[in-house]
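Participant: This structure is in structure tokens; I'll ask about it shortly.
The values are calculated or read from the model by the stated rules, or taken from the named source; none is laboratory data. Quantities reported herein were computed from a predicted structural model and do not represent experimental measurements. Note that we place each Cβ from the backbone using ideal geometry, even for glycine, and neighbour counts take in every protein chain shown. Keep in mind that these areas ignore ligands, DNA and RNA; they rest on the heavy atoms of the full protein, side chains included. Shrake-Rupley method; radii C 1.70, N 1.55, O 1.52, S 1.80 Å.
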Amino acid sequence: MSATRYAYLGPEGTFTEAALRQLPEAATRELAPMVSVPAALDAVRAGKAAAALVPIENSVEGGITTTLDELAVGQPLMIYREVLLSISFALLVRPGTELADIKTVTAHPAAQAQVRNWLSAHLPEAQWESAASNADGARLVQEGRYDAAFAGEFAAATYGLEPLVTEIHDAENAQTRFILVGRPARPSAPTGADKTSVVVWLGPDRPGALLELLQEFAVRGVNLMLIQSRPTGAGIGNYWFAVDAEGHIADRRVAEALMGLKRLSPDVRFLGSYPRADVRPEELAPLRPGTSDEEYVTAADWLNRCQDGRF
């Protein structure tokens, strides 16, 4: 395995590369752009990269389904870190292009939802075509296949383009969350502000099946930060769920919730417990009474004494 190689969704100039460069260790790693999220994750599975950074969620459209689907199937992988990046687009064009010259525009499909209103207001007649990534869209503009691309302003120099318009975004404070994924190992120690991610398959369809799974978290005071359904491919009505929960697998409340899921679900895939990028431990609200590790230990000690006749 290449211990110094990090893969990412390429080509050069993507928001993913910008997010990866926020990690301190990126300065000492070989950064390898990949043509797609599956290619980046497969590089880790094949031992060609120690880790891969890929997008998993944005504040406008929610979960990135390609990433979620890739983590749910195939050889297991584990999330070690997350990175948040504020997203603002520039309209990149070949030198000399004016707004009136633009008939075709391109970008990654996830970008469309974040610039739709701007596009409707300023280029209502322009034809949209999807690209594999925003940076790949910039490359296609460089090659003359499209007139303009929505991408990060930092990508302009890489592809010999000019930012005709900057700071384009329909939603203020838009962010994308990226995850650093590697092969499974022992999770890092809890920081006090952590997140645990799992994939859960529902069993045979019956009333209340999803509610039963959610109650495993609720009764233990574990807050859910994301829950998204995805089809299993086995027919209409068959789903699995991607779940992000506050806390670490080493926390008693989280560990017991995961055990509860495993009792109820035919399959649960642990995707990792890792530090949150959006908050520090001192900024978190207090735990609900009765859900701290100390209270779990006290309750277990009481039960042991009852079983031994020492109550």
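Participant: Scan the range 130-158 residue by residue and report those that are within 24 Å of PRO38 (Cβ to Cβ), among the hydroxyl-bearing types (Ser, Thr, Tyr) and surrounded by 20 or more Cβ atoms within 10 Å (Cβ to Cβ).
Facilitator: Correct list: SER133 only.
Participant: Next up: Quick check on my filter: what residues within the range 88-101 are open to solvent by 10 Å² or more (accessible area, probe 1.4 Å) and either within 14 Å of VAL141 (Cβ to Cβ) or of a type outside the set (Asp, Glu) (or both)?
Facilitator: If we filter the range 88-101 for residues that are open to solvent by 10 Å² or more (accessible area, probe 1.4 Å), which is where we start, we get 88, 94-101.
SER88, ARG94, PRO95, GLY96, THR97, LEU99, ALA100, ASP101, listed by residue number.
Participant: It is to be established whether one or more residues within the range 220-231 are under 26 Å from GLY74 (Cβ atoms), outside any loop (DSSP other than H, G, I, E, B), open to solvent by less than 30 Å² (accessible area, probe 1.4 Å) and touching a strand residue (DSSP E or B) at 6+ places or on another chain (Cβ under 7 Å).
Facilitator: Yes, because at least one residue in the range 220-231 is under 26 Å from GLY74 (Cβ atoms), outside any loop (DSSP other than H, G, I, E, B), open to solvent by less than 30 Å² (accessible area, probe 1.4 Å) and touching a strand residue (DSSP E or B) at 6+ places or on another chain (Cβ under 7 Å).
Participant: Follow-up question, since we're still on this one. Every residue in the range 142-156 that is closer than 19 Å to ALA18 by Cβ and either hydrophobic (A, V, I, L, M, F, W, C) or not assigned by the TED database to the domain that holds THR104 (or both), please.
Facilitator: ALA149, PHE150, ALA151, PHE154, ALA155, ALA156
Condition check ((1) of a type in the set (A, V, I, L, M, F, W, C); (2) in contact with a helix residue (DSSP H, G or I) (Cβ under 9 Å, 6 or more places away or on another chain); (3) crowded, with 17+ Cβ neighbours inside 10 Å; (4) in contact (Cβ under 8 Å) with a residue 24 or more places away in the chain) across all residues:
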site	(1), (2), (3), (4)
LEU20	yes, yes, yes, yes
PRO24	no, no, no, no
SER36	no, yes, no, yes
ALA72	yes, no, yes, yes
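Participant: With respect to ALA255, is the statement that it is surrounded by 16 or more Cβ atoms within 10 Å (Cβ to Cβ), outside any strand (DSSP E or B) and without any contact (Cβ under 8 Å) to a residue 24 or more places away in the chain true? If you could, list the steps in order and put the result at the bottom.
Facilitator: Numbers: surrounded by 16 or more Cβ atoms within 10 Å (Cβ to Cβ): yes; outside any strand (DSSP E or B): yes; without any contact (Cβ under 8 Å) to a residue 24 or more places away in the chain: yes.
It is true that ALA255 is surrounded by 16 or more Cβ atoms within 10 Å (Cβ to Cβ), outside any strand (DSSP E or B) and without any contact (Cβ under 8 Å) to a residue 24 or more places away in the chain.
Participant: Just a yes or no: is a residue in the range 267-283 aliphatic (A, V, I, L, M) and either in contact with a Ser or Thr (Cβ under 7 Å, 6 or more places away or on another chain) or over 26 Å from GLU57 (Cβ atoms) (or both)?
Facilitator: Yes, the range 267-283 contains at least one residue that is aliphatic (A, V, I, L, M) and either in contact with a Ser or Thr (Cβ under 7 Å, 6 or more places away or on another chain) or over 26 Å from GLU57 (Cβ atoms) (or both).
Participant: Here is a further query. Just to be sure, is ARG263 at pLDDT 95 or above, in the same structural domain as THR191 (by the TED database) and open to solvent by 80 Å² or more (accessible area, probe 1.4 Å)?
Facilitator: no
Participant: When the range 219-230 is examined, which residues are found to be free of Cβ contacts under 8 Å to residues at least 60 places away in the same chain and more than 23 Å from the chain's Cα centre (by Cα)?
Facilitator: Correct list: VAL219 only.
Participant: Now for a different question. Could we say that ASN238 is in contact with a strand residue (DSSP E or B) (Cβ under 7 Å, 6 or more places away or on another chain), closer than 26 Å to THR298 by Cβ and surrounded by fewer than 18 Cβ atoms within 10 Å (Cβ to Cβ) here?
Facilitator: Here the answer is no, as ASN238 does not meet what is asked.
Participant: Of the residues in the range 227-259, how many are modelled with pLDDT of 95 or more and not aliphatic (A, V, I, L, M)?
Facilitator: Looking only at that region, the number is 8.
Participant: Moving on. So if I check each of ALA51, ALA40, ALA27, ALA19, which one is farther than 20 Å from ALA132 by Cα and modelled with pLDDT of 95 or more?
Facilitator: Every option except ALA51 fails the conditions.
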